[in-house]
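The structure under discussion appears below in the form of structure tokens.
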Amino acid sequence: MDRDGAPQVTLVWVGVDGDDLLTAHLNPNQRKLDNVRRDPRVTISFEASEVRPPGLLEYLIVHGKATIEEGGAAELLQELAHVHLGPEVRFPAMDDPPPGVRLRIGVERFRGIGPWA
């Protein structure tokens, strides 16, 4: 949560590992990670590019519980950068990135508009 009690929202890249979702964070002291340490429930929303009747973009909302895994953030970010930015991209753009942490999100339920509905 934000300081005023509102939900804390962050844009992140998401990977898939089996039935779990993964996110990577180089700084283990971010508010989102403090929130997960306090309460592991998370919600992730995805927006697609296909328009469905009556004119809404396809979307997916995933509810789950997150656990924090030490290390592996830089490797996951590099893998996701190749997907989102291109195969030639080096990300993070530093010689010796910190190990950071990964969030592993166990999916509990999902909803939305699209082929997954």
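Nothing in this text is a laboratory measurement; each read-out follows from the coordinates by a stated rule. As the structure is a prediction and not an experimental result, all values here were calculated from the model. Heads up, the Cβs are rebuilt from the backbone with ideal geometry, glycines too, and the neighbour counts pull from every protein chain shown.
Against the longest principal axis of the chain, how steep is helix 73-84, in degrees 0 to 90 to the nearest 10, with axes from Cα atoms? Helix 73-84 sits roughly 40 degrees off the main axis of the chain. Across the stretch 47-54, coupling constants 3J(HN,Hα) worked out from phi with the 6.51/-1.76/1.60 Karplus curve, θ = phi - 60°, read 10, 9, 9, 6, 9, 10, x, x Hz, and Gly and Pro carry x. Sorting the segments 63-76, 35-48 by their mean number of nearby beta carbons within 10 angstrom, highest to lowest, gives 63-76, 35-48.
Once you sort the root eigenvalues of the Cα gyration tensor of the stretch 15-111 as a ≥ b ≥ c, which label holds: rounded (a/c under 1.5), prolate (a/b larger than b/c) or oblate (the other case)?
Numbers: a/c = 2.44, a/b = 1.27, b/c = 1.91.
The shape class here is oblate.
Once you have the Cα-Cα distance between ALA93 and ASP17, take 0.36 nm times their residue separation minus that, and quote the gain in nm to one decimal. It would help to have the intermediate numbers written out before the result.
Values: separation 76, 0.36 × 76 = 27.36 nm, distance 2.43 nm.
Here the answer is 24.9 nm.
Just name one of LEU80, GLY100, ILE61: the one whose Cα is farthest towards the positive end of the charge dipole of the chain (beta-carbon charges, Lys/Arg +1, Asp/Glu -1). Farthest along the dipole direction, towards plus: ILE61.
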